[in-house]
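Okay, structure first, notes after.
The values are calculated or read from the model by the stated rules, or taken from the named source; none is laboratory data. Because the structure is predicted, anything quoted here is derived from the model rather than measured. Glycine gets a Cβ as well: all are built from the backbone with ideal geometry, and neighbour counts include every protein chain shown. In case anyone asks, the SASA skips ligands and DNA or RNA and just uses the protein heavy atoms, side chains included. Shrake-Rupley method; radii C 1.70, N 1.55, O 1.52, S 1.80 Å.
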Amino acid sequence: MKRAFKEYFLRNSNYKRVPSNTLKSIIYNEMKTLPLTLITLVAAFTLNAQPYIALHSQGHINYYETFQETLDNAVDNDTVYIPGGLFEIGEVTIDKSLHIYGVGYHPDSVAATAASRLDGNLRIVSGADKGSLSGIRLHGWLTFGTNAENQTVNNLIISRCYFFKRNSNSVVSLSYNGEVKNTSQSLIIEECVFDVNLNGGYCPSVVIRKNIFHSNVYRFEDSYFSNSIFLGNFSSMTGCVFENNYICQSGLSGISSSIFNHNIFRYTQDFPSSGNINNGNNIMEQRVVDTFVNVSGISNIFNRDYHLKDTSPGKGAGSDGTDIGIYGTSYPFKHVPENPHISYRVIKSTLNENGTLDVEVHVRAQDR
């Protein structure tokens, strides 16, 4: 571990002229005071150089320049830490059970590191069961499978990611082509922001909670949608439960045999319709501007504030007694991934008069 940490420092041009004894001292002091995950953070996230991806594998830490190289060297149950910076990934396939963490995407939390941005396309295929993806800003598309035979992935969590609409092909699809039914089980998508469409691939039993959807959501069966904000439209939904959401769609065309409970609707909805049931406590005719604190800034979605206004009838009106929307539940919406978060960093470019290098890094632990 010490060797990996030292090698990373040596790669950075700011440290090439540091005397070896001084470098050893820096490394020793950092190693002595930081737990393993924070060592990785300091090494991978704080230096002003080409960012390296850290791979925690079987008790060792190694650093790689590209995402593909990291995946090639990973094995099941490894953890991947993607630092702030831009990574051109082309098209990569994840076929192992990995836990992949970025530093986040929101400007107010990545000022010290920059966002973990992947430009390209991700395919998650069979073998990636029980993995997770968190804290990534993806410019491209994400799909399950390369064909019908390898699109089944069970027990996967996608959380606190931002899916940016790079072009008309940008989509998150839980099916390899969006049309063939996927039988994946126990998928969770939570606390993400979607500027792209979400295609469920007719997956059953998906849990969709505390997400912001600026685009459309479609092709889900027997799934659960809660505490989310739907600003686009639904279609091809059947047997689903919608609870504690804000829903902007006019009418319920394309939705059938579903249950609606404790939602805020932009427009009045008629029940029953196509087998859809109003299970009570739904709130009608609530405009976006009357519901949320601030929804201005079409060009910059990060200026928006989706807390409910004090005057909103959705305050405390959720099924659990908390607010309807993403800031309800006992654990309201967060955009920072759960791994330790660098909130401040200063690294001097030259040694001081004592021959040492001043490095100041502030790290915040996450409670969830």
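Out of all the residues in segment 146-158, is one or more in contact with a Phe, Trp or Tyr (Cβ under 8 Å, 6 or more places away or on another chain), assigned to a loop (DSSP other than H, G, I, E, B) and more than 17 Å from Thr93 (Cα to Cα)?
no
Failed condition for Pro107, given (1) in a strand (DSSP E or B); (2) within 17 Å of the chain's Cα centre (by Cα), with all others met?
(1)
Suppose the filter is in contact (Cβ under 8 Å) with a residue 60 or more places away in the chain and over 16 Å from Ala54 (Cβ atoms); does Ser109 pass it?
Details: in contact (Cβ under 8 Å) with a residue 60 or more places away in the chain: yes; over 16 Å from Ala54 (Cβ atoms): yes.
It is true that Ser109 is in contact (Cβ under 8 Å) with a residue 60 or more places away in the chain and over 16 Å from Ala54 (Cβ atoms).
Name the residues in segment 258-277 that are over 19 Å from Thr311 (Cβ atoms), of a type in the set (S, T, N, Q) and either open to solvent by less than 20 Å² (accessible area, probe 1.4 Å) or modelled with pLDDT of 95 or more (or both), would you?
Ser258, Asn261, Gln269, Asn276
Scan segment 91-103 and give yes if some residue there is over 25 Å from His60 (Cα atoms) and of a type outside the set (D, E, K, R), otherwise no.
There is no residue in segment 91-103 that is over 25 Å from His60 (Cα atoms) and of a type outside the set (D, E, K, R).
Please go through segment 216-233 and give me each residue that is aromatic (Phe, Trp, Tyr) and open to solvent by 10 Å² or more (accessible area, probe 1.4 Å), ordered by number.
Residues satisfying the conditions are Tyr218, Tyr224.
Scan segment 65-104 for residues that are open to solvent by 30 Å² or more (accessible area, probe 1.4 Å), at positive phi and not in a loop (DSSP other than H, G, I, E, B) and report the count.
1
Among the residues of segment 197-215, what is the count of those that are within 17 Å of Asn177 (Cα to Cα), in contact with an Asp or Glu (Cβ under 6 Å, 6 or more places away or on another chain) and surrounded by 24 or more Cβ atoms within 10 Å (Cβ to Cβ)?
The total comes to 0.
When you scan segment 160-179, how many residues do you find that are crowded, with 22+ Cβ neighbours inside 10 Å and in a strand (DSSP E or B)?
Result for segment 160-179: 4.
Let me confirm something: among Lys181, Lys165, which residue is within 19 Å of the chain's Cα centre (by Cα) and of a type in the set (Lys, Arg)? Spell out how you get there, then give the answer.
On the way: Lys181 fails: within 19 Å of the chain's Cα centre (by Cα).
Testing whether each residue is within 19 Å of the chain's Cα centre (by Cα) and of a type in the set (Lys, Arg) leaves just Lys165.
Only one of these conditions is not met by Asn154: (1) open to solvent by 50 Å² or more (accessible area, probe 1.4 Å); (2) modelled with pLDDT of 95 or more; (3) polar (S, T, N, Q). Which number is it?
So Asn154 meets the others, but not (1).
Restricting attention to segment 126-139, and to residues there that are open to solvent by less than 10 Å² (accessible area, probe 1.4 Å) and either among the hydroxyl-bearing types (Ser, Thr, Tyr) or in a loop (DSSP other than H, G, I, E, B) (or both), which single residue is farthest from Ile212 (Cα to Cα)?
Ala128
Restricting attention to segment 303-327, report how many residues are within 24 Å of the chain's Cα centre (by Cα) and over 13 Å from Asn281 (Cβ atoms).
Here the count works out to 11.
Give Cys192, Cys203 a once-over and let me know the one that is without any contact (Cβ under 8 Å) to a residue 40 or more places away in the chain, within 20 Å of Thr146 (Cα to Cα) and not charged (D, E, K, R).
On the way: Cys192 fails: within 20 Å of Thr146 (Cα to Cα).
Criteria check complete, one pass: Cys203.
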